[in-house]
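A quick write-up on the structure given underneath.
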Amino acid sequence: MTQTPIKTSQGRTFTNLVSKEGGVKYPLEAINVCEETFSPLEVAYDYDEIRRQVSRESIAAGPNSIWRYKAFLPVESENPIDVGTGMTPLVKSNRLARRLGLKNLYIKNDAVNMPTLSFKDRVVSVALTRARELGFSTVSCASTGNLANSTAAIAAHAGMDCCVFIPADLEAGKVLGTLIYNPTLMAVKGNYDQVNRLCCEVANSYGWGFVNINLRAYYSEGSKTLGFEVAEQLGWELPDHIVAPLASGSLFTKIYKGFNEFVKVGLVADKTVRFSGAQAEGCSPIAQAFKEGRDFVTPVKPNTIAKSIAIGNPADGYYALDIARKTNGNIEAVTDAEIVEGMKLLAETEGIFTETAGGTTIAVLKKLVEAGKINPDEKTVVYITGNGLKTQEAVQGYIGEPLTIDPKLDSFERALERSRTLERLEWQQTSV
Amino acid sequence: MTVKVLVPTPLQKFTNNQATIECNGGNIDELIDALENNCPGIKARICDETGKPRRFLNLYVNSEDIRFLEGTDTALSDGDEVSIVPAVAGG
């Protein structure tokens with residue numbers, strides 16, 4: 001396959017990798033674990049240099065993609081892989097907000113992120129750009145589905161070889177939506193945590209760039225753009241409260257890092273943003289630790305329809321707990337039935353069809369409102385991270401059937417009358 | 001009990017660059033002490049100050065996470081395979 005030559009830009013803003021525990025410094029290579037403490041590595045930046053390079057105006061004049069925030073991302077190429085990822089809509093919610101009794105609700109809609117309709121395109125665009133810079137010709141990942149779609153698609157665009165690992169029981173849409181890009185796809189007979197462990201062993205010996213293993217320090221930085229975009233789209237202001245799904249906990253911690261970086265370089269005013277997280281009851285190790293007041297996360301074996309967030313052994317669970325607690329947020333879990341209701345509620349009130357992870361987030365939002373844990377006046381942003389067309393089996397059988405009619409006016413009129421009667425009956429049963 | 005231990009790359013400097021070593025121990029705690037005897041210095045890397053495996057390190061006995069078994073009290077039998085895997089991956 002042919003790859004685009006890399007042009008290196010001047011004024012690199014990132015300096016080294018650093019251990020999250022103990023602060024040991026590491027060079028900017030494909031490593032993800034501190035050799036002393038085994039804790040995750042983070043990318044460290046020169047914020048004075050970033051402050052010199054960016055302003056609200058320079059960002060606004062940049063590309064209509066995540067690369068408008070390139071100074072905050074760990075890549076040196078002048079021509080990063082740009083497939084139009086990012087700058088998804090921030091929708092002011094009216095009907096869902098009214099239904100829940102909120103006055104200031106916004107929806108960050110990554111169900112329409114490009115090119116593969118989930119937030120994963122953000123992290124993969126960063127990871128594959130960095131992989132190319134580090135000289136990898138084959139990229140790989142351990143995925144619950146969305147990441148597989150994204151890695152395969154963006155690798156195809158960039159002309160890189162790709163081998164993707166998924167649990168064998170994934171939704172059909174996620175398997176098909178990976179195969180179409182013609183990667184090597186390994187369906188592993190086991191859950192995500194087992195896939196992940198296998199990939200850790202493969203990553204050690206094959207010399208491939210695993211986006212969420214040896215490239216994880218770079219990859220995860222891509223999620224910061226979900227924080228940057230919301231701040232910019234709110235008119236260069238931070239929200240009061242965010243609600244986001246929790247799988248490994250990485251997205252949650254990176255939105256937090258993104259907000260803090262904007263404050264640090266003077267792009268937005270400082271403010272405490274409350275961080276609340278959403279899990280499915282069938283895989284809720286972080287929510288359980290939160291509820292029990294523990295600062296350690298005990299792994300669980302996942303059993304939920306929310307497969308994209310079914311990580312039983314979350315690598316950043318500890319940090320997600322810490323952020324929720326210190327910002328006065330919450331972490332809640334909801335049942336599979338509530339997840340389906342969450343998907344329907346978002347679709348019926350806002351016209352957004354999200355996958356199970358988004359259903360989880362909406363259901364947790366509702367639960368927090370009902371428990372009085374979200375003030376109706378708080379400027380609240382709920383993160384929708386994936387598209388419902390990929391997990392159709394989750395709602396199959398819960399959303400009614402089409403009215404099949406003859407091609408005749410009277411057949412239509414009878415069916416219409418019947419549907420209105422049914423609607424009235426339903427309406428009388430539920431309070432609006 | 002003689003078990004096979006799979007050693008991750010960051011710890012192989014203690015094992016003469018061997019990815020697998022044979023070791024003895026009736027349970028995980030004893031195995032870690034036996035590893036320390038064979039490869040001095042390795043215990044301080046596997047365990048924190050309290051003597052328990054570090055938060056970001058996963059230990060498996062025959063592919064099962066020891067936190068689903070008896071933790072570091074998990075008994076070992078001849079021929080078991082113990083893997084030490086850094087947890088920082090995924091998501």
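No lab work stands behind these numbers, since they all come straight from the coordinates. Values in this document were obtained by computation on a predicted structure and should not be read as measured data. Backbone-built Cβ (ideal geometry, glycine too); neighbour counts: all protein chains shown.
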Could you tell me which of the pairs A:Lys189/A:Lys344; A:Lys189/B:Lys52; A:Lys307/A:Lys344; A:Lys254/B:Lys13 are separated by over 21 angstrom between their Cα atoms in the structure shown? A:Lys189/A:Lys344; A:Lys189/B:Lys52; A:Lys254/B:Lys13
For chain A, size of Cβ-based charge dipole, Lys and Arg +1, Asp and Glu -1, in debye: 480
Round to a whole angstrom and tell me the spacing of the C-alpha centers of the stretch A:41-93 and the stretch B:47-91. 39
Given the candidates A:Thr13, A:Ser140, A:Ala111, the one whose Cα lies deepest towards the positive end of the charge dipole of the stretch A:1-141, counting +1 at each Lys or Arg C-beta and -1 at each Asp or Glu C-beta, is A:Ala111
Using alpha-carbon positions, the gyration tensor of the stretch B:2-86 gives root eigenvalues a ≥ b ≥ c; with a/c under 1.5 called rounded, otherwise prolate if a/b exceeds b/c, else oblate, the class is rounded
Which is the longest stretch in chain A that no exposed loop site breaks, taking sites as chymotrypsin sites (Phe, Trp or Tyr not before Pro) with a DSSP loop state and at most 15 other Cβ atoms within 10 Å? A:1-235
Once you mark the trypsin sites (Lys or Arg not before Pro) that are in a DSSP loop and have at most 14 other Cβ atoms within 10 Å, what is the longest gap between them in chain A? A:295-407
Once the other residues with Cβ under 14 Å from the Cβ of A:Ala155 are scored (Lys, Arg +1; Asp, Glu -1), what is the net sum? +1
Extend 7 Å from the Cα of A:Gln288 along its Cα-to-C-beta direction; within the stretch A:326-341, residues with backbone N under 19 Å of that point are A:331-337
Let me check I've understood the local charge: for A:Phe38, count other residues with C-beta under 11 angstrom from its C-beta, Lys and Arg +1, Asp and Glu -1. What total comes out? 0
Note on chain A: contact order normalised by length, alpha-carbon pairs under 8 Å, 6 or more apart, percent, works out to 15
Amide H neighbours of A:Leu185 at under 5 Å, excluding residues fewer than 5 places away on the same chain, with H built from the backbone geometry, are A:Val164
Report, by chain and number, residues whose modeled amide H sits under 5 Å from the one on B:Ala87, excluding near sequence neighbours (fewer than 5 apart, same chain). B:Leu57, B:Asn58
When the helices in chain A are scored as -39500 (n - 2.57) per DSSP H run of 4 or longer and the sum is shared across all residues, what 222 nm value do you end up with, to the nearest 500 deg cm²/dmol? -11500 deg cm²/dmol
For the pairs A:Lys70/A:Lys390; A:Lys120/A:Lys326; A:Lys224/A:Lys379; A:Lys103/A:Lys257, note any where the Cα-Cα span goes beyond 21 Å. A:Lys70/A:Lys390; A:Lys120/A:Lys326; A:Lys103/A:Lys257
Among A:Tyr319, A:Phe290, A:Thr272, whose Cα projects farthest towards the positive end of the dipole of chain A, with charges put on the beta-carbon of Lys, Arg (+1) and Asp, Glu (-1)? A:Thr272
Tell me, what ³J(HN,Hα) does each residue in the stretch A:102-118 have, in order and in whole Hz, if you take phi through Karplus 6.51 cos²θ - 1.76 cosθ + 1.60 with θ = phi - 60° and put x for Gly and Pro? 9, 9, 9, 9, 10, 10, 8, 9, 8, 5, 10, 6, 10, x, 10, 6, 7
Inside 10 Å of the C-beta atoms of B:78-89, what's the mean count of C-beta atoms belonging to other chains? 6
Separation of the B:Glu49 and B:Asp78 label points, Cα + 7 Å toward Cβ, nm: 4.2
Mind giving me the FRET efficiency for B:Thr15 and A:Glu378? R0 is 56 Å, r the Cβ-Cβ distance, nearest 0.05 is fine. 0.55
Charge tally in the Cβ shell below 14 Å around A:Gly277, where Lys, Arg are +1 and Asp, Glu are -1, A:Gly277 excluded: +3
As I understand it, the value is the acute angle between the Cα axis of helix A:146-158 and the longest principal axis of the Cα atoms of chain A; what does it come to in degrees, rounded to 10? 50
I need the GluC sites (Glu not before Pro) found in the stretch A:212-312, filtered to DSSP loop residues with at most 11 other beta carbons within 10 Å of theirs. A:Glu292
Taking θ = phi - 60°, what integer Hz values does the Karplus form 6.51 cos²θ - 1.76 cosθ + 1.60 yield along the stretch A:159-171, in sequence order, with x for Gly and Pro? x, 10, 6, 9, 10, 10, 10, 9, x, 5, 9, 5, 4
